[in-house]
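Data block below; observations after.
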Amino acid sequence: MLAVLLPAASAAADYVVIVHPSNPVGSLARTDASRLFLRSSTRWPSGETVKPVDLSKGSAVRAAFTKEILGRSMGAIDQYWTQSVFSGRAVPPPEKRSDADVVAFVRENPGAIGYVSQGASTDGVKRIRVGD
């Protein structure tokens, strides 16, 4: 049974958070990262508009990021966005099919923040630390 639990536990650390290279932020608290991705915070300290981007819903990396950083299940996040859209508060971040697509989006959009798998090439973007 332990062998079944180990892959799930290690998956939580199998992503890195990335931002546009011009972003001066080097680290974020988990709560701050969550606010950015859930669009309850819409500006960086510099005043730049935050542009979060997600991997597609079927991604194991997205599931790990959603559980660890957003503190919710994928189903709960779907409900959150349905309610946000219906109430006119916010729309979900765009979804990209691959790590390379997320990196390209972040590289091309000042204010962007995303996440990719640990081993992905992050050329042209900046990795930041997210912690407590």
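A few notes on this one:
- In region 25-131, lysine pairs with alpha-carbon atoms under 18 angstrom apart (chain gap of 8 or more, or interchain): 4
- Look at Val61, Val19 and count the other Cβ atoms within 10 Å of each Cβ; fewest to most, that gives Val61, Val19.
- Considering only Ser59, Ile128, Ala76, the residue lying farthest towards the positive end of the dipole of the chain is Ala76, judged by Cα position with unit charges set on Cβ.
- For region 59-64, Karplus couplings with θ = phi - 60° (6.51, -1.76, 1.60), whole Hz, Gly/Pro x: 6, 5, 5, 5, 4, 5
- Convex hull of Cα atoms in the chain, direction-averaged projection (nm²): 8.2
- Environment charge at Asn23 (Cβ cut-off 15 Å; Lys +1, Arg +1, Asp -1, Glu -1): +3
- Placing +1 on the Cβ of every Lys and Arg and -1 on the Cβ of every Asp and Glu, with nothing else charged, gives region 12-128 a dipole about its Cα centre of roughly 260 debye.
- Normalised per residue, the volume of the convex hull around the Cα set of region 74-132 (Å³): 131
- Cut-off 11 Å, label 7 Å out along Cα→Cβ of Ser56, residues of region 76-105 by amide N: 96-99
- Note on the chain: dipole from Cβ charges, positive end direction compared against Gly111, Tyr15, Val85; the farthest Cα belongs to Val85.
- Beta-bridge orientation, the chain: approximately 55 percent antiparallel, per DSSP, counting only bridges with both partners inside.
No value in this document is a laboratory result; all are computed from the given coordinates. Since we're looking at a predicted model, the values are computed, not measured. Because the Cβ atoms are built from the backbone with ideal geometry, glycine has one as well, and the counts that use them run over all protein chains shown.
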